[in-house]
Amino acid sequence: DNWRLQSMTGTAQMRMCIAIISFWPGVPLHYAGDEQDLDTPGSALDGWAREELSVSMAWRAVRTTPEGNPADRDNFDMTSPSYRYVQRLNAMRRAYFGDFGSEQCDVVETPTDKIPDVLVFTRGCTDADRVTLIANFHSSHNKSVSVATPWAQGTQVFDILAESGAASFEVGSGGVVQASLPPFGALVLAPGNVKDIPPSVVSVTPRHASTIRPRLDGGLVNMTIAFDRPMAASIAFMALLDGQTAPFSCSSSTCQEISLTMMASDFAEGFHTLEVYEGAEAQDGQLSFSSFRSSFLVAFSSTVIADPSSYSQPGLICQGLTKLCHSAAGADAFRVQNVGEEWSEWEPYNTTSSWNATPGTAVLVQYHAEGSSGYIVGDCVVDGGEPCFASWHPTMFMRGDWNNWGKDADGEMSLVDDFTWGAQITVTGFAKAKFAPFEGWSKAYGVHADRELLYNLPDYDPRHKTFDIEPYMSGSEASRRWMVERSLWNETESIASGAEFAKELWVSSSCTAEAPVCPVPESGKGDWTCVGFERPDQNMSWCRAQGIKSCTEYAENDGSSDMESCGPCACCRRKVTPDLSGLPKTCCVLFNDLLLNYTITSDLSRCPGLDQSTTRPDTSAAPMDHHDATTPPPLTCPPSPPAYRAPLPEVQAAIDWSQDRLEPAEREFEERGLARMASPETWHAEVAYTVFIDRFANGNVKNDLLNIPDFQRKELEQGQA
């Protein structure tokens, strides 16, 4: 899996691509959450990057805006800008292409003259309803283009993407339209007036997923629902409050907005909904295509539901350690745990419940509300009623190179705040480490390894041989850098993972969470390998001039034993091994065992009196295999090259089918005297796309594991085991 497009590039490019797939043949597939502009860094293999699944504390750990992460709430907002953009594209697709009931729907016409960085195509299910799409793929340059269209000179065409103030163009001689597009801009042109589409809600008050605090808002709750056009007077009777009809009224004679004001005392504390029935009629006679729903929270006091980032609730343990006094209005169920023991069964929410708490042991309560169980609070008291810190685990250890992975010192950490463990460690240069909540390694927290995202041209395109760009990287370090580059974290902050495949995290004498600039090569990956010259500008002079580029070293084969792995090749390359040395430095390490954020800082006042340092052993030694801290790691051999995997019958059948069609097409192409587009000198400014047929669409579950890289196959198999 890959990162969200807007995390890698931005919302503008995502919207351009959505416009293209909406009018291209086939069924448009959207990455769930794109319609809400979610952009948490990472792929689906990272636990903090599946925002569309539900409200979760995972999103609170990765704050993608100064205000937090938009996913940290019920994020199905039917009035968000990108949701309404997708909604409009789908409506226009229905309006112009109908039920796609003719072969003409699959015909795509493209102009003979190509325009660099600009995609142009015309498509329609009837001659009368054809549209022409123009998209500028350049990331920084405006494009002024002259595009051939199917319409006669003098025809007025309009951009149907625009919700209001649609730009119009007059078709010139030869059917040519002249237009200017900004970077990542797109136009979808159609003749005559823009077709009518169903009405939709454009805004709602209170804002979706917002919290109303009546004591601060004057004791009134003002509710409005606004539409994209004037509505019939009947709209006031099609709106629901908490599933029931309510006395809404039109705010003006156009009924483009309906409103209702109520006393806050009329509301129960908790979640409330505003809805509009499907089939609501506009004054132009159009009926809404789907129903509308939005929710908001009324909170008379501070609760974990209203303030989900408040994880400590003093007074939760009450009445002499025998009861729990809950403050979670809006929740419908809860369960309880004395830290280190099993969770109780879920039970209906009540303001008090019986529970036997133990002095000095934290109690955790998890609440379920509005479809999410991402609400957790803790409390802890000792004998005499004095407070203590709550935590997810009863203990926490940090083991690494400096304490011989727990053999020279156990690396025990201490609570410095609720859910936050701290320790002072002294390291020399870079060292590896993991957090572990128990004596052994039955559970540990590390980081996700660096992983190259898979982008390439299909093998039948000759240009794939020269498609050589610096890959996008995924993993914890890539996500950390993404956050730092946007000033959402500083260099001391990162996030850990409890996944079984998590690797050791890095600590260094710079007292930051940064990994070495260049990854340490895996066993055998730092050997010299052959460089094949695939571009005209690549030769021995080019090889000698490269030196070190992006953590890869290029050199001429000197015939030495050190370069024996390069074979007979004249030009060789290898991954650079970073310098891990440095001066001794004591750092403060903080680890939140609820959100899994961690901080490595030189500010020792944040870890007062928590020195667990010992002399660090030689960092050149291989890291511990964390199976058992009491025994040496098992000896392992370097991994052998993966065995050849013959294509499965289904894959081979698809390959044979493609080759049977491709070979005649190639012959016809050559017979016409056409020429392939030459590879550019560099691919860094180019954009390329590959279409995967039914990859998790999921019309055919049998092909989910077909034709994927071995490493991803193994990860999927491990996850399913």
**Report entry** With all protein chains modelled, accessible area of M262 [1.4 Å, Å²]
**Finding:** 40
**Report entry** Estimated 222 nm signal from helices in the chain, with DSSP H stretches of n ≥ 4 weighted -39500 (n - 2.57), rounded to 500
**Finding:** -3500 deg cm²/dmol
Report task. Could you tell me the accessible area of H138 in Å² (1.4 Å probe, neighbours in place), rounded to the nearest ten? Result -> 40
**Report entry** Förster radius 30 Å - calculated FRET efficiency between D196 and A12, Cβ distance, rounded to 0.05
**Finding:** 0.60
Report summary line: Note on the stretch 16-171: contact order normalised by length, alpha-carbon pairs under 8 Å, 6 or more apart, percent, works out to 16
Query raised in the report: Amide H neighbours of A280 under 5 Å, counting only residues 5+ apart in sequence or on other chains, H built in-plane at 1.01 Å?
Result: S288
Query raised in the report: To the nearest 10 Å², what's I20's accessible area with a 1.4 Å probe?
Result: 20
Requested in this report: State whether the stretch 535-576 is rounded, prolate or oblate according to the following rule on the C-alpha gyration tensor (a ≥ b ≥ c being the square roots of its eigenvalues): a/c under 1.5 gives rounded; otherwise a/b larger than b/c gives prolate, and the remaining case gives oblate.
Outcome: oblate
Report summary line: Karplus ³J(HN,Hα) for the stretch 406-418 (6.51 cos²θ - 1.76 cosθ + 1.60, θ = phi - 60°; Hz, whole; x = Gly/Pro) runs x, 7, 7, 7, 6, x, 5, 9, 10, 6, 10, 6, 4
Query raised in the report: So, in nm, how far is label F300 from label D99 when the simple model puts each one 7 Å beyond its Cα toward the Cβ?
Result: 5.5
Report summary line: On the accessible surface of the chain, probed at 1.4 Å with all protein chains in place, carbon and sulfur together account for a percent value of 52
Query - Leading residue at positive end of dipole, the chain (Cβ point charges), from S327, I317, G68 - result: G68
Query raised in the report: List the aspartates and glutamates whose alpha-carbon lies under 13 Å from that of K143, not counting same-chain residues fewer than 8 positions away?
Result: D117
Query - Where labels lie 7 Å past Cα in the beta-carbon direction, separation of S234 and S560 in nm - result: 8.6
Query raised in the report: Given 0.36 nm per residue, what is the gain on full extension from E522 to Y455 after removing their alpha carbon distance, in nm?
Result: 21.9 nm
**Report entry** Rough spin-label spacing in nm, given labels placed 7 Å along Cα→Cβ, for Y277 and M263
**Finding:** 3.0
Query raised in the report: Is the stretch 363-479 rounded, prolate or oblate when judged by the Cα gyration tensor, a ≥ b ≥ c being the square roots of its eigenvalues, rounded requiring a/c under 1.5 and prolate requiring a/b larger than b/c?
Result: oblate
**Report entry** Å² per residue, accessible surface of the chain at 1.4 Å
**Finding:** 51
**Report entry** Pairwise FRET efficiency - S180 versus Q538, Cβ, R0 = 45 Å, nearest 0.05
**Finding:** 0.75
**Report entry** FRET efficiency, 1/(1 + (r/R0)^6) with R0 22 Å, evaluated for T224 and A162 via beta carbons
**Finding:** 0.30
**Report entry** Set of aspartates and glutamates near K443 by C-alpha distance (under 18 Å), chain-local residues within fewer than 8 positions excluded
**Finding:** D46, E341, E342, D410, E412, E500, E504, D593, D625, D628
Requested in this report: Hydropathy first: keep DSSP H helices in the chain averaging at least -0.5 on Kyte-Doolittle, then drop any whose Cα extent along the axis falls short of 27 Å, and list what survives.
Outcome: none
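The values are calculated or read from the model by the stated rules, or taken from the named source; none is laboratory data. In this text, all values refer to a predicted model and were calculated from it rather than measured experimentally. Heads up, the Cβs are rebuilt from the backbone with ideal geometry, glycines too, and the neighbour counts pull from every protein chain shown. We work out accessible area using only protein heavy atoms, side chains counted, and drop any ligands, DNA or RNA first. Shrake-Rupley method; radii C 1.70, N 1.55, O 1.52, S 1.80 Å.
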